[in-house]
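Just so it is clear, none of the values below were taken in a lab; they were calculated from the coordinates. Everything quoted here is computed from the prediction, not taken from an experiment. Note: ideal-geometry Cβ built from the backbone for every residue, glycine included; neighbour counts use all protein chains shown.
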Amino acid sequence: MNYGVYIHIPFCRRKCGYCDFYSLAGKDEMMEPYVDALINEMAARGRIAAEGEAATLYVGGGTPTALPIRLLSLVLQAARSSFRIAADAEITVEANPATVDLEYMTALETLGVTRLSIGAQEFNDSILRRIGRIHTARDTRDAVKWARAAGIVNVSLDLMYGLPGQTLDDVIWSVGSAMDLAVNHISVYGLTIEDGTPFSAMAESGELVLPTEEESEEMYDYLTGKLPPYGFARYEISNFAREGFESRHNIGYWSDTPYIGVGAAAASYWDGRRYTNVRDAAKYIETIGRGELPATLSEQPTRKNAMEEYCFLALRMAQGIEKEAFAGKFGEPIEKIYGDAIKNLKDNGLLTEENGFLRLTDKGMKLGNVAFRAFIL
């Protein structure tokens, strides 16, 4: 059985105003004990997954590259000793451009990292400062250059739209800058204001001035329309890649592949059940120190939930839901369960059917939440 491994590194130099992922700024003293706990958790998880093989390994955060390379090296080495990593495994590390240099990139390549995901977000320095990023556009360009010099050719950039002060011209400049860097993969995210974030408080007080809905939609249309002519096929709602450079790890999330999450707040999907690790890093370290696993069952699977989730995740992918696979997994044709929903979505131009697959149209991709709601039983 193939599976994925996700390792969460919660540390950051500074927390961004929009971020609601579990992360910690200014807690460098916790790094060493946290890495020790990670190593112990991986050893325990590896015994559970002894019969399988990890086809992908993804180190995310937070900012994994906020760790000194000595500590990140220990994490990657422990992953190799704890899990049976496939010879051709995709091994991804997320990076903030301000936290890496050529020496760091060279060390990552030596450690077997095959893919780098760089949080560029924008190529306008004033917007980057406004959203709390610690890097500049120059840092992003240098990070890509150093990755290539170190031998890491599979490089992805994150780009955002709908940011405070951002205009369509800024998005056009960011896309052009990414093309100049000749990266292989681009993830596109619209800004969402999450409860509990600094941006949420600023929005409530009227301090956060955002583009209008029409302006944000214009940015979205430019990004989704311009990347394909540049050779980036849209293979998932938010992800575009040159042929052969799709994120294998993330495809696993969307295609019902088991995965093991390691670290504070990390999620796992194993034997059809979903688990979540304790969110607090200090409690995580304490739990591991007591010789206990930090995970709790976050979802008791039911047939209804399994069908809903299967459809949500498959519809995120450009290929959509394979009708034959759905029938094989659940013992009934999808039309028997979702016939009315499918008809309504087709009638409204959000869903189409081709070669045994139900997939979202371009309009459906834009209105994804509307389509997903139709599959709630």
**Asked** What size of dipole, in debye to the nearest 20, comes out for the chain about its Cα centre when the only charges are +1 on Lys and Arg C-beta atoms and -1 on Asp and Glu C-beta atoms?
**Response** 700
**Prompt:** Between residue 103 and residue 283, how many nm apart are label points set 7 Å from Cα along the C-beta direction?
**Reply:** 3.9
**Request:** Measure off 7 Å from each Cα along the Cα-to-Cβ vector at residue 126 and residue 335, then give the distance between these two points in nanometres to one decimal.
**Result:** 5.7
**Reduced Cα scattering model of the stretch 303-373, Debye log10 I(q)/I(0), q = 0.24 Å⁻¹** = -1.13
**Fill in**
Subtracting the Cα-Cα distance of residue 73 and residue 218 from 0.36 nm times their residue separation yields 47.9 nm
**Message:** Contact order normalised by length for the chain, with contacts defined as Cα pairs under 8 Å and 6 or more residues apart; what percent is it?
**Reply:** 15
**Prompt:** How many Å³ per residue does the convex hull of the Cα positions in the stretch 187-245 occupy?
**Reply:** 96
**Those lysines that a straight Cα-Cα span of less than 28 Å connects to residue 323, excepting residues fewer than 8 apart in one chain** = 304, 336, 343, 346, 363, 366
**Fill in**
For the residue 173, residue 376 Cβ pair and Förster radius 45 Å, calculated FRET efficiency rounded to 0.05 is 0.70
**Fill in**
Cβ density ranking, 10 Å radius, fewest first, applied to 167, 287 yields 167, 287
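Please order 57, 181 by the number of other Cβ within 10 Å, starting at the fewest.
In order of increasing Cβ crowding within 10 Å: 181, 57.
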**Prompt:** When DSSP beta bridges are limited to those with both residues in the chain, what percentage is antiparallel, rounded to the nearest 5?
**Reply:** 40
**Request:** Mind giving me the nanometre distance, one decimal, between the label points for residue 347 and residue 363, set 7 Å out from Cα along Cα→Cβ?
**Result:** 1.4
**Request:** Would you tally the net charge around residue 165, using a Cβ to Cβ cut-off of less than 14 Å, leaving residue 165 out, and scoring K and R as +1, D and E as -1?
**Result:** -3
**Asked** Over the stretch 222-365, what is the mean sequence separation of C-alpha contacts under 8 Å (at least six apart), divided by residue count, expressed as relative contact order in percent?
**Response** 16
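Percent relative contact order of the stretch 1-95, based on C-alpha pairs within less than 8 angstrom and at least six residues apart?
After rounding, I find 39 percent.
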**Message:** Using a 10 Å cut-off around each Cβ, can you sort 210, 315 from fewest to most neighbouring Cβ atoms?
**Reply:** 210, 315
**Prompt:** Hey, what D do you get for the chain in µm²/s if you plug the Kirkwood alpha-carbon radius into Stokes-Einstein at 10 °C and 1.306 mPa s?
**Reply:** 73
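Pick out, in residue order, every one of the GluC sites (Glu not before Pro) in the stretch 270-330 that is DSSP loop and has at most 16 other C-beta atoms within 10 Å; say none if there are none.
Passing both the DSSP loop test and the Cβ count: 292.
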**Message:** Tell me which GluC sites (Glu not before Pro) from the stretch 1-77 have a DSSP coil assignment and no more than 15 other beta carbons within 10 Å of their own.
**Reply:** 51
**For residue 111, net neighbour charge (Lys/Arg +1, Asp/Glu -1) across residues whose Cβ lies under 12 Å away** = +1
**Request:** Consider just the alpha-carbon atoms of the stretch 65-166 and return their Rg together with their Dmax, both in angstrom.
**Result:** 14.7, 47
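Of the GluC sites (Glu not before Pro) in the stretch 170-269, which ones lie in a loop per DSSP and count no more than 14 other C-beta atoms within 10 Å?
Answer by residue number: 194, 207, 243.
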